[in-house]
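The values are calculated or read from the model by the stated rules, or taken from the named source; none is laboratory data. These figures come from a predicted structure and were not determined experimentally. Cβ placement follows ideal geometry from the backbone for every residue including glycine, while neighbour counts extend to all protein chains displayed.
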Amino acid sequence: MAAKKTSSMTAGVLLIAVGGVLLATRFIPVQTAPAWLLGLGLAFALIGIVQRAYGPLVAGMILLGLGAGMVLGDRDAFGLTIRAWRLIALGAGFALIAPIAALLQLKRHLWPLVVGLVLMAVGLAPFLRQLFFVPPWAEAAVRTWWPALLVVFGLVVVVRALRKG
């Protein structure tokens, strides 16, 4: 009986969220694809919150980030490009997973925060470069050596795994 109630609740939340977002597009002009992403993202995020489930929360926040990035990019908000907005909003979606999961007392994973911060940094890089003077040699060094950070983080993970096992 509990499984049927949960699946009915899930179906209801999906219908409400997707229908509500699509209804909102009748009054606020948004293209269909971002509306679907926002609706599904909202639905999955709500399911994750209501059921205190990590998987739907992750899926929802990623879809919300993609949808928001498409909407903001289409509107040229703050003069940033579509590409920049998609990266920034997707990064924000990822980054928000960790604090929401912590508030819900779910699994504590920092990987979404790291992914989110990297995506936001890549999206904001051209804007920040214009805002703050970055010497060409520093920009070239970052562009060349950023994969070294992946190697360092990978080594940290491997060392921790070896210590545990």
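Applying the set (1) in a helix (DSSP H, G or I); (2) farther than 20 Å from Ile97 by Cβ to Phe27 leaves exactly one unmet item: (1). Filter the stretch 127-138 for residues that are modelled with pLDDT under 75 and in a helix (DSSP H, G or I) and give the result. Result: Leu128, Arg129, Gln130, Leu131. Restricted to the stretch 40-72, and to residues there that are touching a Ser or Thr at 6+ places or on another chain (Cβ under 9 Å) and surrounded by fewer than 21 Cβ atoms within 10 Å (Cβ to Cβ), the residue that is modelled with the highest pLDDT is Pro56.
Tell me, please, whether a residue that is touching a Phe, Trp or Tyr at 6+ places or on another chain (Cβ under 8 Å), without any contact (Cβ under 8 Å) to a residue 24 or more places away in the chain and either outside the structural domain of Trp36 (by TED's automatic domain parsing) or in a helix (DSSP H, G or I) (or both) can be found in the stretch 142-152. Within the stretch 142-152, none of the residues are touching a Phe, Trp or Tyr at 6+ places or on another chain (Cβ under 8 Å), without any contact (Cβ under 8 Å) to a residue 24 or more places away in the chain and either outside the structural domain of Trp36 (by TED's automatic domain parsing) or in a helix (DSSP H, G or I) (or both).
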